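To start, the structure itself, in structure tokens.
The values are calculated or read from the model by the stated rules, or taken from the named source; none is laboratory data. It should be emphasised that the depicted structure is a prediction, and the values quoted were computed from it without experimental measurement. Glycine gets a Cβ as well: all are built from the backbone with ideal geometry, and neighbour counts include every protein chain shown.
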Amino acid sequence: MVGIPEATYHYHVKNFGNKDTNRELKELITDLFKKFHERYGYKRITKELKKLGHRVNHKKVYRLMREIGLKCVKFMRKSRKYNSYKGKVGKVAKNRLSRRFSTPIPLQKLVTDITEFKCLGDEKLYLNPILDLYNVEIVAFEIRKRPTLDLVMKPLKETIEILKNHATYRTTIHSDQGWHYQHNQWVRTLKENKIFQSMSRKATCADNASMENFFGILKQEMYYGEILVSYEELKRRIEEYIYWYNNERSKEKLAGMRPVEYRTQSSQSAA
């Protein structure tokens, strides 16, 4: 009599009187959005919902997030890249990785670089992480006010201690041609610990794309779009972010797992 399909009639009868049939799903989406520090968009939220057993389409999640008013406001902006190249001041190693950034072996291929942040006032912050290409986990890092040699040596020594206990294959560590990585102390330490040294070609960022990608993600999700803060506050935020990145942030290339979770499950499977 009313000229609508029978299925449509039963749908409305079933939901008659319900003001919002997606209320519980919206609440869950909101909780996930807050849990991941407002860094996840609708696609990543959809994947987290599926992990929890919800069969939901990404288009629906997008629509519901718009209705709630949830939007990932982090954005990319250009910033001056820190350049530590001062010409040939030591040994320039060959490029052993040749952009082969994947490996099924933990601690076989490591990459490193230095990036710069502006702080409140005239201060700057320098970060040097070492990343494992096996599961894109940050295995060690150092933060300092100035890009001294200790900025790279401290995480290298921490990484060497990890290698002594866990490495099953000879390690290669890749960097750019910055003066830190040409320095005699860096080169000698690698040789003493039987670690292969690898370097990008001059002015070729793509040779260390995995490290550049991490810097891009880090700055997009916790630095760009935020007001400048003091050195100590920014240092604290970066330390918290790296812990969150390793232990909480899921990666599609890791089958939706977190870096530490991926390493742990793989080691248990091997055992």
### Task
Kindly check whether there is at least one residue in the stretch 248-255 that is more than 18 Å from the chain's Cα centre (by Cα), over 20 Å from residue 116 (Cα atoms) and surrounded by fewer than 19 Cβ atoms within 10 Å (Cβ to Cβ).
no
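This table checks each residue for (1) surrounded by fewer than 16 Cβ atoms within 10 Å (Cβ to Cβ); (2) within 19 Å of residue 39 (Cβ to Cβ); (3) among the hydrophobic types (A, V, I, L, M, F, W, C).
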{"site": "205", "(1), (2), (3)": "yes, no, yes"}
{"site": "210", "(1), (2), (3)": "no, no, no"}
{"site": "213", "(1), (2), (3)": "yes, yes, no"}
{"site": "218", "(1), (2), (3)": "no, yes, yes"}
{"site": "221", "(1), (2), (3)": "no, yes, no"}
{"site": "227", "(1), (2), (3)": "yes, yes, yes"}
#### Entry: Enumeration of residues in the stretch 188-203 that are farther than 20 Å from residue 171 by Cα and either crowded, with 19+ Cβ neighbours inside 10 Å or not assigned by the TED database to the domain that holds residue 161 (or both)
none
### Query
Any residue in the stretch 231-247 that is among the polar types (S, T, N, Q), more than 24 Å from residue 92 (Cβ to Cβ) and outside any loop (DSSP other than H, G, I, E, B)?
yes
### Residues satisfying the stated conditions in the stretch 75-125, i.e. modelled with pLDDT of 85 or more, outside the structural domain of residue 170 (by the TED database) and more than 30 Å from residue 262 (Cα to Cα)
92, 93, 94
### Query
When residue 60 is evaluated against the numbered criteria (1) of a type outside the set (S, T, N, Q); (2) at positive phi; (3) at pLDDT 80 or above, which criterion, by number, is the only one it fails?
(2)
### Message
Could you go through the stretch 158-169 and let me know if any residue there is in a loop (DSSP other than H, G, I, E, B), over 22 Å from residue 207 (Cα atoms) and either modelled with pLDDT of 95 or more or of a type in the set (A, V, I, L, M, F, W, C) (or both).
### Response
yes
### Query
Just checking, how many residues over the stretch 133-153 are more than 19 Å from residue 117 (Cα to Cα) and touching a residue at least 40 places away in the same chain (Cβ under 8 Å)?
5
### Residues located in the stretch 256-271, provided they are assigned to a loop (DSSP other than H, G, I, E, B), surrounded by fewer than 19 Cβ atoms within 10 Å (Cβ to Cβ) and without any contact (Cβ under 8 Å) to a residue 40 or more places away in the chain
257, 271
### Query
of a type in the set (Asp, Glu) and part of a strand (DSSP E or B) - does that describe any residue in the stretch 129-141?
yes
### Query
When you scan the stretch 157-196, how many residues do you find that are among the small types (Gly, Ala, Ser) and closer than 17 Å to residue 128 by Cβ?
2
### Task
Mind listing whichever residues of the stretch 204-230 are assigned to a loop (DSSP other than H, G, I, E, B) and either free of Cβ contacts under 8 Å to residues at least 60 places away in the same chain or in contact with a Cys (Cβ under 9 Å, 6 or more places away or on another chain) (or both)?
204, 226, 227, 228, 229, 230
